[in-house]
1. Ranked from highest to lowest mean number of other Cβ atoms within 10 Å per residue, what is the order of the peptides 102-110, 117-125?
2. Can you tally the net charge around ILE123? Count Lys and Arg as +1, Asp and Glu as -1, for every other residue whose Cβ sits under 10 Å from the Cβ of ILE123.
Amino acid sequence: MTADPQPPAVEDAPGRADDTVPGSITIADRVVTKLASRAVLETPDAGAAAARLIGQVIPGAGHLGFRQTDLTGLPKASAQVDGNVAVIDLVISVRWPASVPQVTAAVRQHVRERLAALTGLTIAEARIVVTDLVTEIPSSRAG
């Protein structure tokens with residue numbers, strides 16, 4: 001009994017999906033939204049947005065029971081998926097004294113790459129709003 005020296009090529013693997021196989025995969029907006037939020041947290045110096053009420057940032061909102069601004073919480077996100085193209089909106093905070101343009105560029109690039117890798121979607125646009133600068137860093141993320 002001899003072993004097959006080479007496994008079959010991926011192209012020859014049974015059940016492999018390609019352009020000739022009918023069917024489709026639809027990824028819901030809410031799934032892309034969750035993935036985008038998680039991808040932001042993988043980027044240094046970016047995190048959850050400041051709490052807002054009627055469009056205004058609420059300083060000290062954590063004491064009132066609202067979400068606090070920090071770099072460990074999930075940022076606010078939304079996604080609109082149309083076929084294999086998505087538009088992402090993110091609302092984040094940035095760690096002080098990091099450069100806001102550099103952090104937002106890094107977030108935009110990382111979210112695009114991460115979503116493409118996880119979903120196969122093309123991110124046509126990633127819009128980012130920075131609502132706050134975080135000056136206090138919890139010990140779990142500091143370092």
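Every number here is computed from the coordinates shown, using simple stated rules; none is lab data. Since we're looking at a predicted model, the values are computed, not measured. FYI the Cβ positions are ideal-geometry reconstructions off the backbone, even for glycines, and counts take in every protein chain you see.
1. Going by the mean number of other Cβ atoms within 10 Å, highest first, we get 102-110, 117-125.
2. +1
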